[in-house]
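**Student:** Next up is a structure, given as structure tokens.
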Amino acid sequence: MAKADRAAGTKGGGLPAETGQGWEYAPAPESRDVVSIKPEYGLFVAGEFRPAAGGSTFDTINPATEEPLARVAAASAADVDAAVAAAREAYEQVWAPMPGSERAKYLYRIARQLQERSREFAVLESLDNGKPIKESRDVDVPLAAAHFFYYAGWADKLEYAGFGPAPRPLGVAGQVIPWNFPLLMAAWKLAPALAAGNTCVLKPAETTPLTALLLAEVCEQAGLPPGVVNVVTGAGDTGATLVAHAGVDKVAFTGSTEVGKEIARAVAGTDKKLTLELGGKAANIVFDDAPVEQAVEGIVNGIFFNQGHVCCAGSRLLVQESVADHVVERLQRRLATLRLGDPLDKNTDIGAINSGQQLAKITELTKAGEAAGAQRWSPPCTLPERGYWFPPTIFTGVSQSHRIAREEIFGPVLSVLTFRTPDEAVTKANNTPYGLSAGIWTEKGSRILWMAQQLRAGVVWANTYNRFDPASPFGGYQESGFGREGGRHGLAAYLNV
Ligand code: NDP
């Protein structure tokens, strides 16, 4: 972290003096004792935890403190082989032949266990990822459980899902997930795959393996037959080995567009089915008739939720020129009240950046924004000395050619652009290689419908942002990937339809 980014100001977490409120929130830390982190974790293969064949390991750290949390097995090609073989055997012998109503029982059990152990999952997620506990507690964990509940309901109704009378599972799914929503992405991948009768080999991100391993423990606790779910931890090469494995019938990936393209090349020419959920550079569009305070909340939620580590983040604010100064001024006042600091404090709004590598990327892109002539602003806030931190940042005076308007920053950084007419808003919003999501803020229903039809984005939110529901399909166009997760559409990706 460049020292220059550690802006001088109030004490971390306190309201700055400029708001005129000279008081601070008392710390309200969640106890980390609700979770017991083991010193070492093995791979979860064929229903048991075991060390990697070559014995190699890596450390996972707490990004808020840089303290090592645990040592985790790094799966080799032999381990991936064993996991795929276990998944194949479970698919043929147990899981695919099992009636859907029986499979559903296991999914319900997993969902209930997630709820029962929700505090443990939330604390572990915040420790390993750096996200604020109020987000892991109120968003990640409940939504993960909701996905298992939702797809449990489909398991015995596949023939009524509109895919023909007897849709069949695909076989073994190789699933690679990122670090921004580690448990939730595991649930998005596993729940529909299992409901449809597939077995899974899941590769969590290297920096956030712990909740996937706790979920493996929950699978064990739920009595899931061995081999139905396997978790192979490791780095990118473990993911590459998994997606290229000849025993995998279906590949599902969430992560960067760059790696998504590599995976598309790796599976090209094979008969593997592929879904890719990749990056985004979403426009959050505010018209002059929008209720400003609500729009400001939506802008904050759009880009500062989860430190901006969100593929559908509203990272480009398109605001109508006539209200731009007013909206930016209200936004700056609101940002001055955000509390950055200890992810386990229940008052914290902005937690830690997930890794030093990600912090370096955010720092590099924001420097490019300044060098291109955009004006940078952050509220006064002191960053903790240890760990990876970045203050909430907005850039005004951004033009469409700037890198900060084109590239996915994946951090708490908002680029503000203006427009005059709805047509111009559409043209600017669609001027991106991505197409995952968009937001519209206006009082007029007809304008919402017209805009939603013009925007090339898989998800369009109106007068809200970042709303997720297991029944609602999610996915992108163009370089944001293809295929849908969630809802009935999410089942199609795991059925031979
Ligand atoms: P990656 O796309 O590299 O990582 C996503 C997952 O893929 C991780 O599990 C990773 O493992 C794995 N992986 C890496 N290389 C390969 C490969 N060749 N074949 C198969 N699997 C692979 O994202 P990063 O974590 O490196 O982040 C880089 C950038 O990507 C971020 O700065 C951000 O801009 C963007 N990103 C976007 C996400 C989104 O949802 N849109 C999510 C995450 C990142 P490992 O973690 O061990 O590298």
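**Student:** Does the stretch 324-397 come out rounded, prolate or oblate, given a ≥ b ≥ c as the square roots of the eigenvalues of its C-alpha gyration tensor, rounded meaning a/c under 1.5 and, failing that, prolate meaning a/b above b/c?
**Tutor:** oblate
**Student:** Which value in nm describes the separation of the simple spin-label points at Asn431 and Asp289, placed 7 Å from the Cα toward the beta carbon?
**Tutor:** About 2.5 nm, to one decimal.
**Student:** Okay, helix-only estimate at 222 nm for the chain: each DSSP H run of n ≥ 4 adds -39500 (n - 2.57), divide by all residues, round to 500 deg cm²/dmol; what do you get?
**Tutor:** -11000 deg cm²/dmol
**Student:** In addition: Given a 1.4 Å probe and heavy atoms of the protein chains only, how would you sort Tyr477, Tyr106, largest accessible area at the top?
**Tutor:** The ranking, largest first, comes out as Tyr477, Tyr106.
**Student:** Okay, moving on. What distance in nm separates the two pseudo spin-label positions at Tyr160 and Arg330, each 7 Å out from Cα along the beta-carbon direction?
**Tutor:** Using points 7 Å along Cα→Cβ, the separation is 4.6 nm.
**Student:** How would you classify the stretch 44-116 from its alpha-carbon gyration tensor, with a ≥ b ≥ c the square roots of the eigenvalues: rounded for a/c under 1.5, else prolate if a/b is greater than b/c, otherwise oblate?
**Tutor:** It comes out oblate by the Cα gyration axes.
**Student:** Next question, about the same structure. Relative contact order for the chain: what percent, with Cα pairs under 8 Å and sequence separation of 6 or more?
**Tutor:** 19 percent
**Student:** Here is a further query. Of all accessible surface on the chain at a 1.4 Å probe, what whole percent is carbon and sulfur?
**Tutor:** 51 percent
**Student:** Under 29 Å between alpha carbons, and skipping anything fewer than 8 positions from Lys272 in its own chain: which lysines qualify?
**Tutor:** Lys105, Lys157, Lys189, Lys203, Lys250, Lys261, Lys281
**Student:** Arranged from highest to lowest average of other beta-carbon atoms within 10 Å per residue, in what order do the peptides 24-31, 369-376, 128-135, 456-463 appear?
**Tutor:** Final packing ranking: 128-135, 456-463, 369-376, 24-31.
**Student:** Considering only the other residues whose Cβ falls under 11 Å of the Cβ of Ala492, what net charge follows from Lys and Arg at +1 and Asp and Glu at -1?
**Tutor:** With Lys, Arg at +1 and Asp, Glu at -1, the neighbours total +2.
**Student:** For helix 210-221, what angle does its Cα long axis make with the longest principal axis of the chain, in degrees from 0 to 90 and rounded to 10?
**Tutor:** Taking the Cα atoms of the chain, the angle to 210-221 is about 40 degrees.
**Student:** Residues of the stretch 271-287 with amide nitrogen under 15 Å from the 7 Å Cα-to-Cβ point of Ala462?
**Tutor:** Answer for the stretch 271-287: 285-287.
**Student:** Please enumerate, by chain and number, the lysines with C-alpha under 19 Å from the C-alpha of Lys131, excluding those fewer than 8 residues away in the same chain.
**Tutor:** Cα-Cα hits under 19 Å: Lys346, Lys361.
**Student:** Per 20 Å bin from zero, what fraction in whole % of the C-alpha pairs of the chain is there, up to the bin with the longest pair?
**Tutor:** Using 20 Å bins, I get a P(r) of 24, 56, 20, 0 for the chain.
**Student:** In the stretch 417-484, if every C-alpha pair distance is counted and binned at 10 Å from zero, what percent goes to each bin?
**Tutor:** With a bin width of 10 Å, the distribution comes to 20, 53, 25, 2.
**Student:** Another one. Solvent-accessible area per residue for the stretch 256-358 at a 1.4 Å probe radius, Å²?
**Tutor:** 34 Å²
The values are calculated or read from the model by the stated rules, or taken from the named source; none is laboratory data. Everything numeric here is computed off the predicted structure, so don't read it as measured data. Quick reminder, even Gly has a Cβ in these numbers, built from the backbone with ideal geometry, and neighbours come from all protein chains shown. Protein only, heavy atoms only, side chains kept; ligands, DNA and RNA dropped before computing areas. Shrake-Rupley method; radii C 1.70, N 1.55, O 1.52, S 1.80 Å.
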